[in-house]
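Undergrad: Input: one structure, supplied below.
The values are calculated or read from the model by the stated rules, or taken from the named source; none is laboratory data. It should be emphasised that the depicted structure is a prediction, and the values quoted were computed from it without experimental measurement. Cβ placement follows ideal geometry from the backbone for every residue including glycine, while neighbour counts extend to all protein chains displayed.
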């Protein structure tokens, strides 16, 4: 009942230009809300509610609370499935880096969520639209709204477009010690010796990029690149682990 009441309120009182913006957002995200009030609610900041008390809008804090839990579940399911060799501690550490504020802000900025937030004039004037904590909250609130409207399957589909690809390409590799994991795998299955070799350095001194391969004796297991030798080695180890896991599945 509450959502229907809020939906009618939003539909009647939000300017048409704002409603049109949210229609465009849905098109951009390939999402169509059954209850559009949930989408509006996800982007409603408390400052907007405070300046429009007569219209009885609802801020996004409750949806943010729900979205936080749903996002953790979605990421946890993905990591549990795709990282079979990770321990509980490693999974927890990686998940924390994916659902932390800086990561959520980057997701929100990529989707231009800041443009759609309903803000009070004071918050707008003090830069609220680009405030990291606000953007992270809006991203979580959107997840909560989508879950409420369409369930976990829709959330997973959304995460598959926005979040999971970044995990796959190693955007959060910096928090993991892939070199140690690779060493453990090799010790369990082989008697060879791991070593890392720089095959290329490029770029100016202040912005160098290193390309490094990890070898088991003379066999190349993986290649990585990074702004430092350490990052490139970790990336090479990550690719080596993925290749070994793929080989194991085929066998």
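Undergrad: What do you reckon, is residue 132 modelled with pLDDT under 95, outside the structural domain of residue 228 (by TED's automatic domain parsing), at negative phi and surrounded by fewer than 16 Cβ atoms within 10 Å (Cβ to Cβ)?
TA: Numbers: modelled with pLDDT under 95: no; outside the structural domain of residue 228 (by TED's automatic domain parsing): yes; at negative phi: yes; surrounded by fewer than 16 Cβ atoms within 10 Å (Cβ to Cβ): yes.
No.
Undergrad: Also, I was wondering about something else. What are the pairs with Cβ atoms under 7 angstrom where one residue, in the range 36-61, is without any contact (Cβ under 8 Å) to a residue 24 or more places away in the chain and the other, located anywhere, is in a helix (DSSP H, G or I) and surrounded by 18 or more Cβ atoms within 10 Å (Cβ to Cβ)? Sequence gap at least six, or different chains.
TA: Cβ pairs passing all conditions: 59/49.
Undergrad: OK, next. Please work out which residue is surrounded by the most Cβ atoms within 10 Å (Cβ to Cβ), limiting yourself to the range 172-183 and to residues that are in contact (Cβ under 8 Å) with a residue 40 or more places away in the chain and in a helix (DSSP H, G or I).
TA: Taking the range 172-183 and keeping what is in contact (Cβ under 8 Å) with a residue 40 or more places away in the chain, we get 172-179, 181-182.
Those still in the list that are in a helix (DSSP H, G or I) too: 173-175, 178-179, 181-182.
Details: 173: 20, 174: 12, 175: 14, 178: 23, 179: 19, 181: 19, 182: 25.
Going through the qualifying residues, I end up with 182.
Undergrad: Quick test for you: out of 108, 153, pick the one residue that is under 28 Å from residue 245 (Cβ atoms), at pLDDT 95 or above and part of a helix (DSSP H, G or I).
TA: Working: 108 fails: under 28 Å from residue 245 (Cβ atoms).
Criteria check complete, one pass: 153.
Undergrad: Among the listed residues 246, 206, identify the single one that is over 24 Å from residue 102 (Cα atoms), under 27 Å from the mean Cα position of the chain (by Cα), modelled with pLDDT under 90 and not assigned by TED's automatic domain parsing to the domain that holds residue 68. Step through it out loud before you land on a result.
TA: Values: 206 fails: under 27 Å from the mean Cα position of the chain (by Cα).
Being over 24 Å from residue 102 (Cα atoms), under 27 Å from the mean Cα position of the chain (by Cα), modelled with pLDDT under 90 and not assigned by TED's automatic domain parsing to the domain that holds residue 68 holds for just one of 246, 206, which is 246.
Undergrad: For the range 184-203, indicate whether the set of residues that are outside any helix (DSSP H, G or I) and closer than 27 Å to residue 107 by Cα is non-empty.
TA: From the range 184-203, those outside any helix (DSSP H, G or I) are 190-203; that's our starting set.
Retained after the next criterion (residues that are closer than 27 Å to residue 107 by Cα): none.
No: the range 184-203 contains no residue that is outside any helix (DSSP H, G or I) and closer than 27 Å to residue 107 by Cα.
Undergrad: Separate question: For the range 146-171, what are the residues that are buried (at least 18 other Cβ atoms within 10 Å of the Cβ) and closer than 20 Å to residue 229 by Cβ?
TA: The answer is 170, and nothing else.
Undergrad: Sticking with this structure for a sec: Which number in (1) free of Cβ contacts under 8 Å to residues at least 40 places away in the same chain; (2) surrounded by 14 or more Cβ atoms within 10 Å (Cβ to Cβ); (3) closer than 17 Å to residue 99 by Cα marks the one condition that residue 186 misses?
TA: Looking at each condition in turn, residue 186 falls short on (3).
Undergrad: Identify, from the list 13, 82, the residue that is in contact (Cβ under 8 Å) with a residue 40 or more places away in the chain, more than 21 Å from residue 136 (Cα to Cα) and touching a helix residue (DSSP H, G or I) at 6+ places or on another chain (Cβ under 6 Å).
TA: Selected residue: 13, the only one of 13, 82 that is in contact (Cβ under 8 Å) with a residue 40 or more places away in the chain, more than 21 Å from residue 136 (Cα to Cα) and touching a helix residue (DSSP H, G or I) at 6+ places or on another chain (Cβ under 6 Å).
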